[in-house]
Amino acid sequence: MKHKLSHIVRRKKVQSAVKSDASQQELAPRITNETIATHREEVIGSARKYIYRGRHTKHQIVVISTTLFITTLVLLFSYCTLALYRFQSSSAFLYHVTQVFPFPIARAGSNFVAYENYLFELRHYTHYYEVQQKLDFNNESGKQQLAEFRKRALDKVINDAYVKQLASKYKVSVSNKEINYQIDIVRDQNRLGSSDKVFEDVLKDYWGWSVDDFKRSLRQQLLAQKVVAVLDTTTRTKAETALNELKSGVDFVAVAKKYSDDEATKANGGDLGFLIDKTNHDLPAQTTGALFKLQPGQYSDIVNIGYALVIVKNNEFSGDKVRGSHILFTFKDINSYINDLKDKQKARTYISVN
């Protein structure tokens, strides 16, 4: 009897298990092409939500970054404008800013003058007096000197702008070869150091300049000299007349007395009155260089020394020195030509240095 009951129970359990499996099979979805397509759309739809959310986030990042960048630029521009035009700061930071952004400091005729040009001039003045002369710009006398430097620097860059206009009009330019030649003359006479290292150190210590800064300053100086040489035809004609007389056999002393603009040597026939060595700093480097290329008794061609034309003569050698004479033909001041241009094209400044 017990065995029969046990058999019946097991039979019911098996039947129940079969029914449960059948029920689960009925609940499980059938895998068909339609169910696969439906599932794929569900997955893609969920992915789109994340993609759209990512795109939206990237867009927000771009907008925020752009806004921050523009805000920073506006703040930087506002600070620099205030520091440059109201407080007239000449800090290294602001100098570098003006090298990137073309803030104007003046207008010469139709051309703007860059604030960077002004700071370039001002900073080498202040560097020299601060480092070499130990001038304190914080005390009263130092402040007065700084005000004078500011005026000098502003006047110079405005004048330089007018010189560039004249140079453009008369097609005058300065080549790198001309600049390097002038540097070679100076360095050959050991005026700025014989080695590259000493040359660079002298520029840095005295003016806070690099070699490129020095070349930049020299280029503007040579440009002004060449403009004057083109415009002042009277002085050129006078020098050529004197040279022709020398070539025709007229004595150097007589020609010097007749034509030289150097009142200190004119009465002595142009005799400089002292022995000259190659490192002499009392004469222009071009004059010294020309003298040492001559043999005793020879005279040079016309030499442009910047502010004048000159003809030099080697009277005699004395060891490694030379006794020489010169005939000087002084150019008109560049300001005589600039002032005419200023009258026609007024300059306007954006800071006050008075």
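Throughout, read-outs are computed from the coordinates displayed, never taken from laboratory work. Remember, it's a predicted structure, so these values are computed and weren't measured experimentally. Every residue, glycine as well, gets a Cβ built from its backbone with ideal geometry; the counts of neighbours run over all protein chains shown.
Numerical summary
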| item | result |
| --- | --- |
| Rounded, prolate or oblate (a/c below 1.5 giving rounded, otherwise prolate when a/b exceeds b/c) for region 154-223 by Cα gyration tensor | oblate |
| Sequence of Val253, Val100, Val174 once ranked by neighbouring C-beta atoms within 10 Å, starting from the fewest | Val100, Val253, Val174 |
| Potential extension, Ser175-Leu75 segment - 0.36 nm per residue separation minus Cα distance | 31.9 nm |
| Distance in nm between pseudo-label sites at Asp333 and Val100 (7 Å out along the Cβ direction from Cα) | 4.1 |
| Calculated from backbone phi, Karplus (6.51, -1.76, 1.60) coupling profile of region 341-346 in Hz, x at Gly/Pro | 5, 5, 5, 8, 10, 5 |
| Ranking of His127, His326, His96, His281 by count of other Cβ atoms within 10 Å, fewest first | His281, His96, His127, His326 |
| Segment Thr67-Ser194, length gained on full extension (0.36 nm per residue, minus Cα span) | 40.3 nm |
| Residues whose placed amide H lies under 5 Å from that of Ala347, excluding near-sequence neighbours | Gly109 |
| Residues Ile327, Ile338, Ile70, sorted so that the one with the fewest Cβ neighbours within 10 Å comes first | Ile70, Ile338, Ile327 |
| Pairs from Lys226/Lys321; Lys247/Lys332; Lys151/Lys215; Lys226/Lys293; Lys204/Lys293; Lys215/Lys266 whose Cα-Cα separation, in the structure shown, is over 28 Å | Lys226/Lys321; Lys204/Lys293; Lys215/Lys266 |
